[in-house]
1. When you go through ARG74, ARG111 one by one, which is the residue that is within 23 Å of ASP34 (Cα to Cα) and exposed (fewer than 15 other Cβ atoms within 10 Å of the Cβ)?
2. I'd like the residue in region 83-111 that is of a type in the set (Ser, Thr, Tyr) and not in a helix (DSSP H, G or I) and, out of all such residues, is farthest from VAL129 (Cα to Cα).
3. May I ask you to list the residues in region 38-87 that are among the β-branched types (Val, Ile, Thr) and in contact (Cβ under 8 Å) with a residue 40 or more places away in the chain?
4. Name the one entry in TRP101, TRP130 that is within 27 Å of ALA40 (Cβ to Cβ) and touching a residue at least 12 places away in the same chain (Cβ under 8 Å).
5. Please work out which one of (1) in a helix (DSSP H, G or I); (2) under 14 Å from ARG42 (Cα atoms) is the condition ALA145 fails and give its number.
6. Whether any residue in region 119-126 is part of a helix (DSSP H, G or I), among the charged types (D, E, K, R) and open to solvent by less than 40 Å² (accessible area, probe 1.4 Å) is what I want to check.
7. Given the condition out of contact with any strand residue (DSSP E or B) (no Cβ under 7 Å at 6 or more places or on another chain), more than 30 Å from ALA122 (Cα to Cα), modelled with pLDDT under 90 and surrounded by 16 or more Cβ atoms within 10 Å (Cβ to Cβ), answer yes or no: does some residue in region 28-48 qualify?
8. Take region 127-137 and flag every residue that is closer than 14 Å to GLY81 by Cα and in a helix (DSSP H, G or I).
Amino acid sequence: MSANTTSRRNRDGGASWASSAGTRSSMQANKGRDTKPELALRSAVHALGLRFRVSTRPLPKVRRTADLVFTRVRLAVFLDGCFWHGCPQHHQLSATNTQYWTEKLETNRRRDRQTDQWLHDAGWEVLRVWEHEDPVAAALRVQEAYEQRSKAIESGAVERASVHRRA
């Protein structure tokens, strides 16, 4: 087996999804959290005086993690990467391994829609922000959604999330 073939094997010994060893290495180096766009958004939201949880599951039993979570008002904010979530402005299909990336993108979009639906069904508001958006403008959208949820809770239109439930 050549070095190139060996480097293109996954940890289970099967063929790698990557079109080359360099591509595989590059994709594995992508961070799952604390990216520059995330840090910029969190900083801008924090500067507005809002406090939130970072990289938390809004629904503990569901394996989906929001980037910013406002538990009291049940607001989940997702910062979607243009490449991974198919931004209509910036996403371009890969020239290599096109079928894999087309299927991957559709799977990601389907999972995003499913996550949004599950959260809405559980009484949460979902806000999605593209990574290319201006962080200050996005933070203002977060603040507006937060304030709307707060007002809805105060008026009784939306039930406040309780952290501890007593029987």
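1. ARG111
2. The residue in question is THR96.
3. Correct list: VAL45, VAL62, THR71, VAL73, VAL77.
4. TRP130
5. The one condition ALA145 does not meet is (2).
6. No, that holds for no residue.
7. no
8. PRO135
The values are calculated or read from the model by the stated rules, or taken from the named source; none is laboratory data. All of these numbers come straight from a predicted model, not from anything done at the bench. No Cβ is skipped: glycine too gets one built from the backbone with ideal geometry, and neighbour counts run over all protein chains shown. In case anyone asks, the SASA skips ligands and DNA or RNA and just uses the protein heavy atoms, side chains included. Shrake-Rupley method; radii C 1.70, N 1.55, O 1.52, S 1.80 Å.
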